[in-house]
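The values are calculated or read from the model by the stated rules, or taken from the named source; none is laboratory data. Note that the coordinates shown come from a computational prediction; the quantities given were computed from them, not determined experimentally. All Cβ positions, glycine included, derive from the backbone under ideal geometry; neighbour counts span all protein chains shown. Please note that ligands, DNA and RNA were not included when accessible areas were found on the heavy atoms of the full protein model with its side chains. Shrake-Rupley method; radii C 1.70, N 1.55, O 1.52, S 1.80 Å.
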Amino acid sequence: MATHLLRNASTFWLLKNCQRSMPFAVSRCLHLTTRLEKKIAFNLSDIGEGIREVTVKEWFVKVGDTVEQFDNLCEVQSDKASVTITSRYDGKITRIYHSIDELALVGKPLLEFEVVDAEEDEDDGSSSSSSSDSDVQSSSGAGSESAPGGVPAGRHITPATPAVRRLAKEHKVNLSEVPPTGKNGRVLKGDVLEYLGQVPPGTNVPHPSNAQAKAPAPAPAAAPPVPAPADRVEQLKSVRKAMLKSMTESLKIPHFAYSDEIDMSNLVKFRNQLQPSAQELGVPKLTFMPFCIKAASIALTKYPIVNSSLDLASESIIYKGVHNISVAIDTPQGLVVPNIKNCQAKSIIQIAKDLNALVERGRTGSLSPADFADGTFSLSNIGVVGGTYTHPCIMAPQVAIGAMGRMKAVPRFNDKDEVIKAHIMSVSWSADHRVIDGVTMASFSNVWKQHLEQPALFLLH
């Protein structure tokens, strides 16, 4: 009985004292556990340009791998560039937070390290600071002052691993006095041994990035700031305002494009033969444009759907009886597109006269609304500017437009396989694909091309 009471009393005394000391024991236990884990989370640092998240594209390491500082860890892809992430620690990888193609956030853990000599790294960090402080204090004795907050002015921390710092501490070596040969001025173990004379001089080959930096060139004198020209706001009016409206409607049309080349060699000779007669009939200079307009009118007669318009309200096609062919003219006010009326009933000379009259009124700004009304088909000559192929925009409610490019002299083979000089012009057609199919547009272009390549056919119309 006495033994039982003694045992119970001892147990009660132990429980009571354990309860009193429990907070201190728990606190100390938590502190020791944190230090024994020796694990450091490697956060994804800011890679600039306002990027907040990246996609992991490739891992160069896996859990259990041992890496050193500056080893490649992974490659991440932002919406602007690919970046290779390198290690800041020497140690073993214990966890990878993201799989390939997963999003990683800036400032969040990317992986976890078990750092080699983590406890000693903290000691070395403090001892390195102490040695640096002592170095700076010794130099301060010569006349330098300390910066506010107790940090010595001009303080410089030499890059080195914890193992190298421990070696330097054991031999009481100031790392700032050791010539570095590692990458970006890092002091290696061999540098310390060479400094101590334990290895022959020149054993360590300096890293290319550790070459002695050249003295910086004096900065050039700053040029005086040049004032930037101010922006200018101009209200749309006249031709440009009309262009805004017409082109907005034009881009609602589903365009179909077709291009071809025309051999203008025969027409060049034919026009030269007609030039004296044209001057006698009141045309000072006969250009190729009247021939192109008349050829288009002939082709429109054979394919009238190209000379039509689309009525969406009634879902019907309106075939135009007259050929009012619009022609793009460059004027001081901008590009305007008046039309030549009734081309189907006019000769090439009459079309040339009407064209010259429109150009003259356009240059003097005296074109009337009637000159723009009721156009049924359009032609544009971009060749006067120098272009070849283009993609012209249809002028609603028309359903087709053509654009001629610059004529060039190029070598070609004739029927006898002989190389001859040929005058080649390109043409680009655009058609409303709701009305005109590709075969129709190509057939129309072939008729137009046939009359330009064989100008004698004009005599039949």
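Results, tabulated for the structure shown:
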read-out	value
Every residue from the range 275-296 that is assigned to a helix (DSSP H, G or I) and without any contact (Cβ under 8 Å) to a residue 60 or more places away in the chain	GLN275, PRO276, SER277, GLN279, GLU280
Test: residue in the range 106-123 that is loosely packed, with under 15 Cβ neighbours inside 10 Å, modelled with pLDDT of 80 or more and in a strand (DSSP E or B)	no
Cross-chain or 6+ apart pairs with Cβ under 8 Å, the range 354-379 first and over 27 Å from SER445 (Cβ atoms), then open to solvent by 50 Å² or more (accessible area, probe 1.4 Å) and assigned to a loop (DSSP other than H, G, I, E, B)	ARG363/PRO332; GLY365/PRO332; GLY365/GLN333
Residue match in the range 363-370 (condition: under 29 Å from HIS451 (Cβ atoms) and of a type outside the set (A, V, I, L, M, F, W, C))	no
Odd one out for ASP231, checked against (1) over 30 Å from VAL336 (Cα atoms); (2) open to solvent by 80 Å² or more (accessible area, probe 1.4 Å); (3) at pLDDT 75 or above	(1)
Residue selected from the range 297-314 under the condition free of Cβ contacts under 8 Å to residues at least 40 places away in the same chain and aliphatic (A, V, I, L, M), by the criterion surrounded by the most Cβ atoms within 10 Å (Cβ to Cβ)	LEU312
Residue list for the range 248-298, filter: charged (D, E, K, R) and within 38 Å of the chain's Cα centre (by Cα)	GLU249, LYS252, ASP260, GLU261
All positions within the range 324-345 that are in a loop (DSSP other than H, G, I, E, B) and at pLDDT below 95	ALA328, PRO332, GLN333, VAL337, PRO338
Test for SER128: is it open to solvent by less than 30 Å² (accessible area, probe 1.4 Å) and either at pLDDT 80 or above or closer than 30 Å to THR86 by Cα (or both)	yes
Within the range 401-442, tally of residues that are more than 25 Å from LYS302 (Cα to Cα), among the charged types (D, E, K, R) and not in a loop (DSSP other than H, G, I, E, B)	3
The range 393-419, subset touching a residue at least 40 places away in the same chain (Cβ under 8 Å) and open to solvent by 70 Å² or more (accessible area, probe 1.4 Å), residue nearest to GLU261 (Cα to Cα)	ARG412
The one condition in (1) in contact (Cβ under 8 Å) with a residue 40 or more places away in the chain; (2) open to solvent by less than 70 Å² (accessible area, probe 1.4 Å); (3) hydrophobic (A, V, I, L, M, F, W, C) that VAL83 fails to fulfil	(1)
